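Reading through the structure tokens given below for one structure.
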Amino acid sequence: GDRRGRDLPAGSLAALAESRKLEFLSIDGQPRGYLPLADGQPYSGYGTLQSQTGGDSFGQSFAQVGDKYVVGTPYHAYSGMNYAGRVDVYRRSDGQFLRTILEPSPAANRMFGRALAAVGSNVLIGSNGLSGSGNGKVDLFNPTTGNLVFTFICPPGTSNDAYRQQFGISLAVLD
């Protein structure tokens, strides 16, 4: 899932970085932490990914899926919908932009891409249901093809509006 250095125990970050088990990641010039190396070699771009749209909270969420970096931009507006969100996919070896994933049923204030988590060769993408955009949900996408694999919805019988709206606001995957 989100493997930023802040999730590591205190004192271990410097030791892991020095042993070359981590690489530094910067998104739009802002430091975002360290990531585990997939193959023991960082790419020559020193981990810098550039936003395709500028701003819009690019990099608020992040996941490494195999040889790809997946970056959420939850405040991105498109088709007249503020905060609809988007997710961009980059090749890990050189930081090359590959594709954009948009929500299949976009809505204003949905914040698609607010949370990301890697699951095998796929990525979970969370969107909330706040500000009247409905219930939150989590979509499972293949970042290589950009195809939707499955959609998880809030469990039936959840009567609390706040719980339904916040479903998908945070994600974690256990090995």
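The values are calculated or read from the model by the stated rules, or taken from the named source; none is laboratory data. All values reported here derive from a predicted model rather than from experimental measurement. Using ideal geometry, Cβ is built from the backbone for each residue, glycine included, and neighbour counts are taken over all protein chains shown. Calculation scope for accessible area: heavy atoms of the full protein, side chains included, ligands and nucleic acids excluded. Shrake-Rupley method; radii C 1.70, N 1.55, O 1.52, S 1.80 Å.
A few points about this structure:
- Computed from the Cβ-Cβ distance with R0 of 45 Å, the FRET efficiency linking Asp94 to Ala162 stands at 0.60.
- Per residue value of the accessible surface for region 115-154 (all protein chains in place, 1.4 Å probe), Å²: 39 Å²
- Most tightly packed first, judged by the mean number of other beta-carbon atoms within 10 Å of their residues, the peptides 82-91, 107-116 read 107-116, 82-91.
- Each residue of region 74-175 gets 103 Å³ once the volume of the Cα convex hull is shared out per residue.
- FRET efficiency for the Asp67 to Ala108 pair, using the beta carbon distance and R₀ = 30 Å, is estimated at 0.35.
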